[in-house]
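The values are calculated or read from the model by the stated rules, or taken from the named source; none is laboratory data. For clarity, every value in this text was computed on a predicted model and none was experimentally measured. Quick reminder, even Gly has a Cβ in these numbers, built from the backbone with ideal geometry, and neighbours come from all protein chains shown. To get the accessible areas, we keep the full protein, side chains included, count just its heavy atoms, and leave off ligands, DNA and RNA. Shrake-Rupley method; radii C 1.70, N 1.55, O 1.52, S 1.80 Å.
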There are 2 protein chains.
Amino acid sequence: RPRSTMEEPSGTHTKRKVVAVVGGGLVGSLNACYFAQRGFNVEVFETREDIRQAKIVRGRSINLALSHRGRQALKHVGMEEKIVSQGIPMHARMIHSLSGKQSPIPYGKKGQYILSVDRANLNKELLTEAEKYPNAKLNFDHKLQDWSPETGLMTFARSDGSTEHIEADLIVGCDGAFSAIRKQFLRRSRFNYSQTYIPHGYMELTMPPIDGEFAMKPNYLHIWPRNTFMMIALPNLDKTFTCTLFMPFEEFEKITSGDEVMEFFQKYFPDTIPLIGPDALRRDYFRLPAQAMVSVKCSPYHIGDKCVLMGDAAHAVVPFYGQGMNAGFEDCIVFDEILNQFDEDLSECFHKRTKKTPRMSWRYESSIDADLGGSLQMRAHVNSKWFLFRKHVDNILHLLMPKTIIPLYTMVTFTRTRYHKAVERWHWQDKVKHKCFLSLSLSLSVLQIWTAQS
Amino acid sequence: RPRSTMEEPSGTHTKRKVVAVVGGGLVGSLNACYFAQRGFNVEVFETREDIRQAKIVRGRSINLALSHRGRQALKHVGMEEKIVSQGIPMHARMIHSLSGKQSPIPYGKKGQYILSVDRANLNKELLTEAEKYPNAKLNFDHKLQDWSPETGLMTFARSDGSTEHIEADLIVGCDGAFSAIRKQFLRRSRFNYSQTYIPHGYMELTMPPIDGEFAMKPNYLHIWPRNTFMMIALPNLDKTFTCTLFMPFEEFEKITSGDEVMEFFQKYFPDTIPLIGPDALRRDYFRLPAQAMVSVKCSPYHIGDKCVLMGDAAHAVVPFYGQGMNAGFEDCIVFDEILNQFDEDLSECFHKRTKKTPRMSWRYESSIDADLGGSLQMRAHVNSKWFLFRKHVDNILHLLMPKTIIPLYTMVTFTRTRYHKAVERWHWQDKVKHKCFLSLSLSLSVLQIWTAQS
């Protein structure tokens, strides 16, 4: 006996379509607002308990960098201002050299910044917002067991052992990098899929306030680039910093005692020891094992007009470009735009997708996160001076030729330029820069010869 | 109540290890011979009924090209001679131009050839061979439901609705590109996986004998290279040819009537129409839809010392290089070599695998099938004259410098050079050839200038 849709408000003459959003994380809860705003009957299904009641939410990063794409998506449901007011602007990276020297590199032009936001708080705000719509319902403790791409019938298991059946017109899989919804996709022919773990793991450490104030300058994303690894730190509203250490797993495994932790930090991050605190460091390093990072790519993103994947379920990325959440949020806008374009005719929306012109392939771009991730990982490999130099050159070129040379980071972070277009353009710019340098050095050589001869 | 191992022959004082081979296809049945030969208690589990009793085996290609790697693997269990005697040697490709002109391109040096073998017959022979070992048992109609990487406990469903539980010391997943064993791998962290469908489908057509004889020269692999598609034909013992048409799915879909089939063949494969027969062509084109082709890559290939993937389950490839079966068969040798190296100590075999030196990464090479597949798909794109020319140049260079320039095809097909080494070498050779051409043209230019001046 599948549970039918929610009660229809009396007076409506057509039955509202039911949209089941699977996953009540960041993208799922934002999507619930989007679909509710359009008037669909929205049901959100989340495996876990309501995080607004839970004590500790484990296993995911604590804070995130919110940038243009994410903000635009929040704006659309009237949430931008609220979330921005709870975030901490970061105007620049602050590069920490081994000697402890700090050098800021602005993220963009004056006034451009990204925001450090608290993942759990953002999620809670979005859930609360979604719940305000009378046509949206949040179902916690609902673990997806099975679903049918033919009928849209879903089966959920409850922790009391009972199961529930629900039929939806559209299932939106927002259930993250290890999506349960996606398993059905994998069973179908001609579904392309890849999951790739990078050799790096990550570990979070907390840097407490000093005398009630931030231990470092707050309005920066602090970076300690070291050869094969790096640490970053983002500020939190409670005046702590969350430090994230990225390092190959084999390096993590080499460190097995508190003394080795200290030795390691002494060697690579000496300036952070007094700030994190030697005792906390010795203890917290062993609190949780290093976490893996996966990149997921797939195509297509939908099965017929019954199901579509969004966010990490469709395109999980490594965190180095700060785009996981932002790209997932942008999915909500893009799908909204498509719904507008086709007057909410779902079969039309998805049908077009399969045609040559990929009108709906808003995440065709996922193919580029190798590029993005690559460029950022490079950053960790390169010594900080070279990185500083390159960034400065890019920024200067951008100032000189603002319409020709746009740093990749700017396109990704401060515009809604499609990711693959940004990367294409970046490659093109690289060629242009290369040619400029060549001409320049050629001119200099000619000049030298000419000077020598005369 | 898990079924325990098979009855121990009286007189053995140590309990034999149980190896469960999941999948009774080509690689599974050959592997059964390998493990049985070493004295393990082997249990093969196959979902389908015994193909030796089945009437028609559907869904997979009819014949395959057996080359050096596969032959070496068969030799090891004394099967080479028998299988070779049932195959048809193909000494060269026979390229069919649009005008009907046929040009042979030898596969290698004189005396080197590949063999067209019947998939079903080969599978039957291997099953029968495996059954000859008293310590090997074939279990048909056993569909894997679940298994535990911790205990090696497996659950199989029978078609009568019953289930069976079996515990094994080592589980060898040889259950093909859509491996059920591999599903457990996907649930684990840090398992890298990709499945990629190429845009091409394939369709098999039969070319009957004419007056009791082969309709074309039998000792060739016939190829009709056309722009985005191609057809190939391999000879069978019953004097038929199996033709395989490779074409993008969208092209297949354009053809919806017998007349359109005729028009298409008239335009691209006119010489095959009288040989296949116009009536058969009109009919058989619609017998089955075009089949998809998937390439699978993953790492690692094992979970602890409990389970290892081999063959298509570990590294399915597109068929253009004729290496799917050969690579799968070679897995059996490679694992056998590793068992020798570590005195059959499984934990030792697999433990080493995770270390830096990938002693057991016999399919690290899978990363190269993009290269292999790519080069072959290129072949279909390139017009036949250019293809002929390049092949001839390669062969001539090989004759002139047999130790320096070895065609990629030769390394892959007639040696056991590891695939990735073959590709590395090929890239290196390409650079050498490129430099030769450059020097040559430079010398010619200098000569021209010098001649003009004097």
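General remarks:
- Acute angle (nearest 10 degrees) that the helix A:119-131 long axis makes with the longest principal axis of chain A, alpha-carbon atoms: 30 degrees
- Across peptide B:195-206, the mean count of Cβ atoms from other chains lying within 10 Å of each residue's own Cβ comes to 2.
- Per-selection Kirkwood Rh - the protein assembly as shown (Cα, Å, 1 d.p.): 31.5 Å
- For A:MET90, residues with placed amide H under 5 Å, excluding near neighbours: A:ILE114, A:LEU115, A:SER116
- Inter-label distance, nm, simple model (7 Å from Cα along the C-beta direction), B:ARG52/A:LYS55: 6.4 nm
- Packing rank of A:308-320, A:43-55, where each peptide gets the mean count of other beta carbons within 10 Å, highest leading: A:308-320, A:43-55
- Take the accessible area of B alone and of A alone, subtract that of the pair with a 1.4 Å probe, and the total buried over both chains is about 1400 Å².
- Cα-based Rg of chain B normalised by 2.2 N^0.38 Å, two decimals: 1.08
- Helical content alone sets the calculated 222 nm signal of chain B at -11500 deg cm²/dmol, taking -39,500 (n - 2.57) per DSSP H segment of four or more residues and averaging over every residue.
- Relative to the longest principal axis of the Cα atoms of chain A, helix A:324-341 runs at roughly 50 degrees.
- 3J(HN,Hα) couplings calculated from phi for region B:160-174 with the Karplus curve 6.51 cos²θ - 1.76 cosθ + 1.60 (θ = phi - 60°) are, in sequence order, 7, x, 7, 10, 9, 10, 9, 10, 10, 7, 9, 10, 10, x, 10 Hz; Gly and Pro show x.
- Radius of gyration and Dmax over the Cα atoms of region A:32-174, both given in Å: 19.5, 62
- Coupling constants for region B:283-292 follow from the phi torsions by the Karplus curve (6.51 cos²θ - 1.76 cosθ + 1.60, θ = phi - 60°), and in residue order they are 7, 6, 4, 9, 5, 9, x, 4, 9, 7 Hz; glycine and proline get x.
- DSSP beta bridge pairing in chain B, given as percent antiparallel to the nearest 5: 70 percent
- Calculated FRET efficiency for the pair B:SER189/A:GLN102, C-beta based, R₀ 51 Å, to 0.05: 0.90
- Taken over the alpha carbons of region B:119-244 as equal point scatterers, the Debye sum produces base-10 log I(q)/I(0) values at 0.13, 0.15, 0.23 Å⁻¹ of -0.87, -0.97, -1.33.
- HN-Hα J in Hz across region B:233-240 - Karplus 6.51, -1.76, 1.60, θ = phi - 60°, x for Gly and Pro: 9, 10, x, 10, 4, 7, 6, 8
- Cα-projected label distance for B:ASN219 with A:ASP141, points at 7 Å along beta-carbon direction, nm: 7.7 nm
- Here region A:197-292 was treated as a single set of alpha-carbon atoms; its pair distances binned every 10 Å from 0 give 16, 52, 28, 4, 0 percent.
- Surface composition of chain A: carbon plus sulfur atoms contribute 55% of the solvent-accessible area (1.4 Å probe, protein chains only, all chains present).
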